[in-house]
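For reference, the structure is listed below as structure tokens.
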Amino acid sequence: GFVDASTGYRKELVIKPEGTIPEFGGGLCQVSSTMFRAIMYTGLPVKERAPHSYAVTYYSQVGGHGLDATIYPPSRDLKFMNDTPGHILIQAYADGVDAFFKFYGTSDGRKVVLEGPSISNQRSAPAEPLLVPDETLPAGEKKQVEKPHGGFDTLWYRYITANGETVKEEIKSRYKAVPAKYLVGGEVNAEGENKGLAEPTNPSE
């Protein structure tokens with residue numbers, strides 16, 4: 001359905017080109033990432049899935065990086081196929097701060113093993129911050145909208161055994177290395193320097 005205040009949503013953090021900022025629909029990826037893991041362990045075919053543009057640390061707390069799934073209606077979605085011999089009942093609920101998905105269906109005897117993650121192609125975050133002019137800020141004022149994030153690739157293997165045969169699948173994710181990003185009041189020149197800033201921008205601030 002439609003994602004805004006009228007349908008009960010609150011603003012939370014969303015990764016956007018202008019930074020990680022509060023927007024309606026933020027937090028939905030906690031739901032889709034939990035569901036994605038349930039899909040992976042059931043051995044169901046994944047038809048559409050996208051990782052976050054940069055690695056979000058709390059999605060790696062259980063299992064490790066590479067098992068997240070971002071959704072952003074209508075451009076990003078998570079889709080899977082029911083290729084079991086019967087219907088699937090999906091139970092979703094929250095218990096305190098924990099979210100759960102349980103899949104119930106007719107067993108066809110398949111067994112699933114996940115192996116990973118293997119991490120490669122590690123890249124440091126760019127040292128220079130990105131300054132973005134913002135007309136709503138007074139000259140000389142700055143607001144951090146993105147922290148620096150290192151980039152890397154992950155690889156998981158999913159082994160599905162059914163009818164005496166084992167199929168090996170690869171689940172790949174690529175996370176970008178992104179610089180710190182600041183909104184700044186005043187004019188930004190071609191070199192990325194802000195004429196209104198009284199002091200140099202420091203990525204650690």
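The set of residues in region 39-73 being in contact with a helix residue (DSSP H, G or I) (Cβ under 7 Å, 6 or more places away or on another chain), outside any loop (DSSP other than H, G, I, E, B) and either on the phi > 0 side of the Ramachandran plot or not hydroxyl-bearing (Ser, Thr, Tyr) (or both) consists of 46 alone.
Residues in region 162-183 that are more than 21 Å from residue 47 (Cβ to Cβ) and among the polar types (S, T, N, Q) were compared, and the one that is least open to solvent (accessible area, probe 1.4 Å) is 166. Across region 103-127, the qualifying residues are those that are in contact with a strand residue (DSSP E or B) (Cβ under 7 Å, 6 or more places away or on another chain) and in a loop (DSSP other than H, G, I, E, B), and the one among them that is farthest from residue 161 (Cα to Cα) is 125.
Within region 177-190, residues that are at positive phi have Cβ atoms under 8 Å from residues that are open to solvent by 40 Å² or more (accessible area, probe 1.4 Å) and modelled with pLDDT under 75 in these pairs: 186/195, counting only partners at least 6 apart in sequence or on another chain. When residues in region 1-20 are screened for being open to solvent by less than 40 Å² (accessible area, probe 1.4 Å), of a type in the set (A, V, I, L, M, F, W, C) and closer than 19 Å to residue 149 by Cα, 1 of them pass. Looking across region 95-114 at every residue that is open to solvent by 80 Å² or more (accessible area, probe 1.4 Å) and under 20 Å from the mean Cα position of the chain (by Cα), the one that is nearest to residue 183 (Cα to Cα) is identified as 97.
The values are calculated or read from the model by the stated rules, or taken from the named source; none is laboratory data. None of the values given here were measured: they were computed from a predicted structure. So basically every Cβ, Gly included, is an ideal-geometry build from the backbone, and we count neighbours across all protein chains shown. Quick note on the areas: whole protein, heavy atoms, side chains included, nothing else; ligands and nucleic acids left out. Shrake-Rupley method; radii C 1.70, N 1.55, O 1.52, S 1.80 Å.
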